[in-house]
Amino acid sequence: MTAARAWWARIPDPVVDLVVVAVAVVDVLVSLEDSSRLAQAMAALACAALLARRRFPLPVFLLTLPASLMLDIVFAPFAALFTLAERSRDRRLLVVCAVLFAVASATPWPLDDLSSHDRTWTLVYFFYTLATAAAPVLLGQLVQARRDLARRLEEIEEAREHERLLHSQAVLARERAQLAREMHDVVSHQVSLIAVQAGALQVAARDPDFKEGARTIRSLSVDTLDELRHMVTLLRASGGRATELTPQPTLADLHKLVTTSGIDAELTGELPPDVSTTAQRTIYRTVQEALTNVRKHAPGATAVVRLWHADDGDAFGVTVTNTPPARPSLPLPGSRQGLIGLRERAELLDGTFASGPTGEGGYEVTLHIPTQSG
């Protein structure tokens, strides 16, 4: 199945369109016998319109109906109907189009008075054609669903890979933190004792050489202890401990966060220059959680991250707004702990956090921080 899909994917779209038009022309030529100039013109229009079926599926389908009414053709309207079903999510529209095709195919041309017997066969042919028209509609919907599912599976796999990376980083951070504790509690303690003992020997020693050796041991122990303390600080910082040297995200990291979020997102606006470090981390985590939720629950949506501050200088914050999802999303479990955590972060700064759907069907989160707290 993968090899077949790869083979189809390698065929350029213009080549496929030319093949479709060629088959439609053959289908038309078979039915052109004793046809009028008007029918021939409508048939030519239907075949030519298939070249634009990917960009304008509904108008192209409508252009094939006159030829279906005047001639006994099926391929051109079927190709247009399949393309429309593949690209449209409006099932009512697809039903209406299938009925229109059945009416155009079943209605006799030229239009004249029909006997009761002819009307009966016309009705039978209508239902037969309607059932036949269901094939391209169902096939187009199947292709659309399969494409959406494949795209969603890719997104889930990317999310799982990201979670595995975060898990490995967390494990590494715990190991570094544990190593830092061992170095601090054991190694540093032992080296401190060596330095103390060497200092005592240096004071008590009578022999100059012995005194110099004790001084050297003490000096090396103190230098080693300083190096150990520096290494412990670095290990704790990389292990996620709350130290002054711990690398925490700031507003300078927002651009990278937005551009690497995996969605079509835009960063606009600005904040006051004197925003505290704690407020910068809170804004960063708010944007990070909001973009993660967009990617998880609104596949294909676009987002705008807007930094703002009040004209009177009393408050500032960030608003993340996303459009409605462009395709259906699979139901994924969620504990909503992320939004709860963002609300708690905002409360620590005497701010507020709000989230909810927009009138256009999207979603919006807003972080509001008073200037005195930020």
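The values are calculated or read from the model by the stated rules, or taken from the named source; none is laboratory data. Note that the structure is predicted; figures quoted are calculated from it, not measured. Here Cβ is always computed from backbone atoms with ideal geometry, including for glycine, and neighbour counts include all displayed protein chains.
Filter the stretch 191-210 for residues that are modelled with pLDDT under 70 and of a type outside the set (A, V, I, L, M, F, W, C) and give the result. Across the stretch 191-210, the qualifying residue is only SER192. ARG119 - would you say it is modelled with pLDDT of 85 or more, part of a helix (DSSP H, G or I) and either among the polar types (S, T, N, Q) or outside the structural domain of PHE78 (by TED's automatic domain parsing) (or both)? Considered against the rule, which asks whether it is modelled with pLDDT of 85 or more, part of a helix (DSSP H, G or I) and either among the polar types (S, T, N, Q) or outside the structural domain of PHE78 (by TED's automatic domain parsing) (or both), ARG119 comes out as no.
The condition of being loosely packed, with under 15 Cβ neighbours inside 10 Å, touching a residue at least 24 places away in the same chain (Cβ under 8 Å), among the acidic types (Asp, Glu) and part of a helix (DSSP H, G or I) holds for only one of GLU163, GLU158, that being GLU158. Filtering the stretch 329-356 to residues that are under 27 Å from GLU157 (Cα atoms) and either surrounded by 14 or more Cβ atoms within 10 Å (Cβ to Cβ) or at pLDDT 90 or above (or both) leaves SER329, GLY338, LEU339, GLY341, LEU342. Screening the candidates VAL275, VAL294 for the property of being more than 27 Å from the chain's Cα centre (by Cα) and either within 20 Å of LEU342 (Cα to Cα) or at pLDDT 80 or above (or both) yields one hit, VAL275.
Okay, residues lined up against (1) of a type in the set (Asp, Glu); (2) part of a helix (DSSP H, G or I):
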position	(1), (2)
VAL19	no, yes
VAL23	no, yes
VAL28	no, yes
GLU33	yes, no
GLN40	no, yes
ALA44	no, yes
ALA49	no, yes
ARG55	no, no
LEU58	no, yes
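Scanning the stretch 51-75 for residues that are more than 22 Å from LEU130 (Cβ to Cβ) and either in contact (Cβ under 8 Å) with a residue 24 or more places away in the chain or buried (at least 16 other Cβ atoms within 10 Å of the Cβ) (or both) yields a count of 2. Can you tell me which residue in the stretch 271-330 is farthest from LEU142 (Cα to Cα), limited to those that are among the polar types (S, T, N, Q) and in contact with a strand residue (DSSP E or B) (Cβ under 9 Å, 6 or more places away or on another chain)? Selected residue: THR282. Could you check, for the stretch 130-143, whether at least one of its residues is at pLDDT below 85, outside the structural domain of PRO325 (by TED's automatic domain parsing), under 28 Å from VAL19 (Cβ atoms) and surrounded by 13 or more Cβ atoms within 10 Å (Cβ to Cβ)? No. Every condition in (1) modelled with pLDDT of 90 or more; (2) surrounded by 19 or more Cβ atoms within 10 Å (Cβ to Cβ); (3) hydrophobic (A, V, I, L, M, F, W, C) holds for TRP308 except the one numbered (2). Every listed requirement among (1) at pLDDT below 85; (2) under 28 Å from the mean Cα position of the chain (by Cα) is met by ASP148 save one, (1).
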